[in-house]
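Participant: One structure follows; several queries about it will come next.
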Amino acid sequence: MRVVLAEDNVLLREGLVRLLAEAGLEVLSGVEDATALLADVGRHRPDVAIVDIRLPPTRTDEGLRAAREIRRRHPGTGVLVLSQYVRVSYTVELLDGGANGVGYLLKDRVTNIAEFTESVRRVGGGGSAFDPVVINQLVQRRAGDDDPLHVLSERERAVLALMAEGRTNQAIAERLAIAERTVEKHCTSIFTKLGLTASPDDHRRVLAVLRYLNA
């Protein structure tokens, strides 16, 4: 899997380059700003671009805007954005073009090397990877008497959160220590209760769930 990385902190950038290389990914370039990122993505057409949301010159949302531009110009390149904090509006912007090949992780998640590299591979392969903290905030925004999620059982909420992170039924089953067939039944129940059309495409399912939670 081929990767382009944009991170303005040189120590973190070099650390990520080494980490990804040791995990068997081919890092084509590591740059410090959005302009260089867009140029290198256009030149190399990587499988995935890993982008810090805050990039020079203002270190506000240059990385996010570059990520959206990559999705527009190069739909075959997955985009995984990294941030020190969660902003639900960023998630909405990223999902504007669909949930295939997109992810949003907190930088703390990088310390779990296996989980981070799994997320990179998932996004580069056309899947989704969203930080559990992002999902929790989306769910909390819907809390209240008019929250349509109140029809879900506690177990179904747990399955929904893991589903929205981009995990497969098998991964959800392993995380919750239940049978995969049980997960399938929970998923069917969730879609029925929320009025969502079930799809064999997990990525479309993630998009539907995330958009519903943030409606």
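The values are calculated or read from the model by the stated rules, or taken from the named source; none is laboratory data. Values in this document were obtained by computation on a predicted structure and should not be read as measured data. Note: areas computed on protein heavy atoms with side chains; ligands, DNA, RNA excluded. Shrake-Rupley method; radii C 1.70, N 1.55, O 1.52, S 1.80 Å.
Participant: Leaving out ligands, DNA and RNA, and with a 1.4 Å probe, what % of the accessible surface on the chain is carbon or sulfur? Don't skip to the end; give the middle numbers.
Facilitator: Working: 4830 of 10190 Å².
Percent of accessible area from carbon and sulfur atoms in the chain: 47.
Participant: Using the Karplus equation 6.51 cos²θ - 1.76 cosθ + 1.60 (θ = phi - 60°), what ³J(HN,Hα) coupling, rounded to whole Hz, does each residue of segment 60-71 give in order, writing x for Gly and Pro?
Facilitator: With coefficients 6.51, -1.76 and 1.60, one gets 10, 10, 4, x, 5, 5, 5, 4, 5, 5, 4, 5 Hz.
Participant: In whole Hz, what ³J(HN,Hα) sequence does segment 8-16 give by Karplus (6.51, -1.76, 1.60; θ = phi - 60°), x for Gly and Pro?
Facilitator: Values, residue by residue: 7, 7, 4, 5, 5, 4, 5, x, 5 Hz.
Participant: Next question. Just the accessible area per residue of segment 59-140, please: how many Å² with a 1.4 Å probe? List each step's numbers first, then the result.
Facilitator: On the way: 3360 Å² over 82 residues.
Ligands and nucleic acids excluded, the result is 41 Å² per residue.
Participant: On alpha carbon coordinates alone, what is the Rg over Rh value for segment 1-77, Rh being the Kirkwood radius?
Facilitator: 0.94
Participant: Taking the Cα atoms only, what angle lies between the long axis of helix 34-44 and the longest principal axis of the chain, rounded to 10 degrees?
Facilitator: With both axes taken from Cα atoms, the answer is about 90 degrees.
Participant: Hey, in the GNM for the chain with a 10 angstrom Cα cutoff, which one of Val51, Val102, Val27 fluctuates hardest?
Facilitator: Looking only at Val51, Val102, Val27, the biggest GNM fluctuation is shown by Val27.
Participant: Show that you can apply the helix-only estimate: for the chain, add -39,500 (n - 2.57) for every DSSP H stretch of four or more residues, divide by all residues, and state [θ] at 222 nm to the nearest 500.
Facilitator: -15500 deg cm²/dmol
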